[in-house]
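S.K.: Following this message is one structure expressed as structure tokens.
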Amino acid sequence: MAAQIQASSSPSPHPPKSIKSISRSPALTSIPPAYIFPSSPPHPAADQSAPVGQIPTIDFSPLLSSSPDRRSGTVADLRAACRDWGFFVVTNHGVPDGLIAAMIEAGRKFFEMAEEEKEEYRGGEKGVLEPIRCGTSFNSSVEKVFCWKDFLKAFVHPVFHSPSKPPGFRRSSSQVLEEYSKRTREVARELLRGISESIGLEPDHIAKKLDLEQGMFQLLAANFYPPCPQPELAMGMAPHSDHCLLTLLTQNGIDGLQVQHHGNWVDVTNLSPNSFLVNVGDQLEILSNGKYKSVLHRAMVNREATRISIAMAHGPSLDSEVAPSPELLGEEEGTTQLPAYKGMKYRDYLLLQQSKQLDGKSGLDVVRA
């Protein structure tokens, strides 16, 4: 059936304020046409399932070790994971289990608020650069088919922004979002030091080149995927790569993520709520001159359960220009390594990718040399 469905050539009506309001309608037995994704063959069936044990697992603790041998082993693991998958699971990262659980619960409470309570966070003159915004789908102002998803996005570094409600989001050094942002930022910085070393650069090369010590851009993206009566026709998030350097994701124990691996769609299953699923973003692909590539991934929905994911995207300072690192160019193994990408300010890349429909890795096409 889905193979015969075509997207309209004209924009669909603007969606309601939340997919939550649609999903909880007592009369809902099928999804509105504007939420039906054209696909052939039907997209939700992954080619294979990848239990987390199949996806590379990185033990974070050796990166903090004083033992060079322990650290070098993890650096080698990072090299293989970034090269072969672009996704990996991080364990023993030091972020308290209770803080992760509290962050997921804070996200749930935000989405459960009445629609009028969220009104102040919708839209705004700055568009995708609005420090706090919520909405539905991905970019409903330009989409023809809408995603089965509500979202909350907040810039949390270098300047911390937070919704004032529900109480778990209020700005205070003791509050959940600020502490969670700080702890995940520390994990991302250390992972980037290991990744920098894994690609043949000095550990602090990426941090210094892209002003990560003071200017690292950190974005909270909380996502709410409620039950869907026809999950085989809908999609929580269309295939895309992330605009940043690294994304750290956790979820509420409900599966739904699929990643592309060697051309096949793979279900990510059994992700522990106390681990992070980390993926390479577009900026790391650019800086590494394609040695490490960002990976397409998408979110599926189901009939029974609400999936909540908390993604923390970590990027360069907004004013940093990202281009292939000169240290990775030149002669290598008898061949000349030329720049595969043109430089672009991260702010401009963020606007480029977030201001249009999701379309795979189309953002990178703009900067290919």
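S.K.: Go through the stretch 282-301 and count every residue that is under 23 Å from M103 (Cα atoms) and in a loop (DSSP other than H, G, I, E, B).
M.R.: Matching residues across the stretch 282-301 total 2.
S.K.: Under the condition of being assigned to a strand (DSSP E or B), over 17 Å from I104 (Cβ atoms) and touching a helix residue (DSSP H, G or I) at 6+ places or on another chain (Cβ under 9 Å), which residue from the stretch 220-275 is least open to solvent (accessible area, probe 1.4 Å)?
M.R.: L246
S.K.: Within the stretch 206-219, restricting attention to residues that are assigned to a helix (DSSP H, G or I) and of a type outside the set (D, E, K, R), which residue is modelled with the lowest pLDDT?
M.R.: Here the residue is Q214.
S.K.: In the set E130, E115, E120, which member is of a type in the set (D, E, K, R) and touching a residue at least 40 places away in the same chain (Cβ under 8 Å)? Quick ask: steps written out before the conclusion?
M.R.: On the way: E130 fails: touching a residue at least 40 places away in the same chain (Cβ under 8 Å); E120 fails: touching a residue at least 40 places away in the same chain (Cβ under 8 Å).
Result: E115 is the single residue among E130, E115, E120 that is of a type in the set (D, E, K, R) and touching a residue at least 40 places away in the same chain (Cβ under 8 Å).
S.K.: Which ranges mark the strands (runs of 3 or more DSSP E) fully within the stretch 74-189 that have 2 or more residues being of a type in the set (V, I, T) and closer than 22 Å to T57 by Cβ?
M.R.: In the stretch 74-189, 87-91 are the strands (runs of 3 or more DSSP E) which contain 2 or more residues that are of a type in the set (V, I, T) and closer than 22 Å to T57 by Cβ.
S.K.: Looking at K182, K149, K209, which one is touching a Gly at 6+ places or on another chain (Cβ under 7 Å) and among the basic types (K, R)?
M.R.: One residue alone meets the criteria, K149.
S.K.: Restricting the search to the stretch 194-205, which residues are part of a helix (DSSP H, G or I) and surrounded by fewer than 21 Cβ atoms within 10 Å (Cβ to Cβ)?
M.R.: H205
The values are calculated or read from the model by the stated rules, or taken from the named source; none is laboratory data. Keep in mind the model is a prediction, meaning the values are calculated, not measured. Backbone-built Cβ (ideal geometry, glycine too); neighbour counts: all protein chains shown. Side chains are part of the model used for accessible areas, which takes the heavy atoms of the whole protein and leaves out ligands, DNA and RNA. Shrake-Rupley method; radii C 1.70, N 1.55, O 1.52, S 1.80 Å.
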